[in-house]
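**Q** Please read through the structure below; I'll follow up with questions.
The values are calculated or read from the model by the stated rules, or taken from the named source; none is laboratory data. Quick caveat, the model's predicted, so the values are computed rather than measured. Cβ placement follows ideal geometry from the backbone for every residue including glycine, while neighbour counts extend to all protein chains displayed. These area figures cover heavy atoms from the full protein model, side chains too; ligands, DNA and RNA do not enter into them. Shrake-Rupley method; radii C 1.70, N 1.55, O 1.52, S 1.80 Å.
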Amino acid sequence: MRVGIGYDIHRLAAGRRLVLGGVAIEHPKGLVGHSDGDVLLHALMDALLGAANLGDLGRHFPSDDPAYAGARSVELLRRVGGLIRERGLDVGSLDATVIAEMPRLAPHVQAMREAIAGAIGVGVDRVSVKATTNDGLGVIGAEEAIAALAIAHLE
């Protein structure tokens, strides 16, 4: 059994599309990033890569590489899933929490779970996504950023 953890945070800005867990969500602001800024998938990929002892997200998809400018994080997750399988490992389970003051994410959680499971080729029952707020505290509470935490269990 192998376990990895991941964390990511990105600023919110007007004029950007909000994508979380591979799902586009209607919101006046989106996450700033070299790719689509999907903090949930970035945290999950770091957890998966860590559990497989494959380094971190920046090692595989550098933010200064123009090839990844505007990249869809769900496609990067698909590639990370391939790296995991190449190492002879299987995803036992993934657990993630998105920390966002707004928008309300509960209506999108199932679609996120399905997008994640589909990208890495596992059953939805192996993917847990939860959402919480920061109770108005800090940059997340001020709706200036969204963060995510993730744990990956590989077998």
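**Q** Search the range 66-92 for residues that are within 16 Å of Asp46 (Cβ to Cβ) and at pLDDT 95 or above and pair each with any residue that is of a type in the set (D, E, K, R) and open to solvent by 20 Å² or more (accessible area, probe 1.4 Å) when their beta-carbon atoms are under 9 Å apart and the residues are at least 6 apart or on different chains.
**A** The qualifying pairs are Ser73/Asp36; Val74/Asp36; Ile84/Asp90; Leu89/Arg2; Leu89/Glu155; Val91/Arg126; Val91/Glu155.
**Q** For the condition small (Gly, Ala, Ser), in a strand (DSSP E or B) and modelled with pLDDT of 95 or more, what is the one hit in Ala148, Ala119?
**A** Ala148
**Q** Just give me the residues in the range 7-32 being surrounded by 21 or more Cβ atoms within 10 Å (Cβ to Cβ) and either at positive phi or within 9 Å of the chain's Cα centre (by Cα) (or both), in sequence order.
**A** Within the range 7-32, Asp8, Leu20, Gly21, Gly22 meet the criteria.
**Q** Just checking, which of Ala51, Ala106 is within 17 Å of Gly6 (Cβ to Cβ) and either among the acidic types (Asp, Glu) or at pLDDT 95 or above (or both)?
**A** Ala51
**Q** Could you list all residues from the range 106-130 that are under 19 Å from His10 (Cα atoms) and either open to solvent by less than 10 Å² (accessible area, probe 1.4 Å) or in contact with a helix residue (DSSP H, G or I) (Cβ under 6 Å, 6 or more places away or on another chain) (or both)?
**A** Met112, Val129
**Q** Within the range 33-55, count every residue that is farther than 18 Å from His153 by Cβ and open to solvent by 30 Å² or more (accessible area, probe 1.4 Å).
**A** 2
**Q** For residues that are within 16 Å of the chain's Cα centre (by Cα) and either surrounded by 12 or more Cβ atoms within 10 Å (Cβ to Cβ) or among the acidic types (Asp, Glu) (or both), tally how many sit in the range 63-83.
**A** 12
**Q** Separate question: Considering the range 140-155 alone, what residues qualify as being touching a residue at least 60 places away in the same chain (Cβ under 8 Å) and open to solvent by 50 Å² or more (accessible area, probe 1.4 Å)?
**A** Glu143, Glu144, Leu149, Ile151, Glu155
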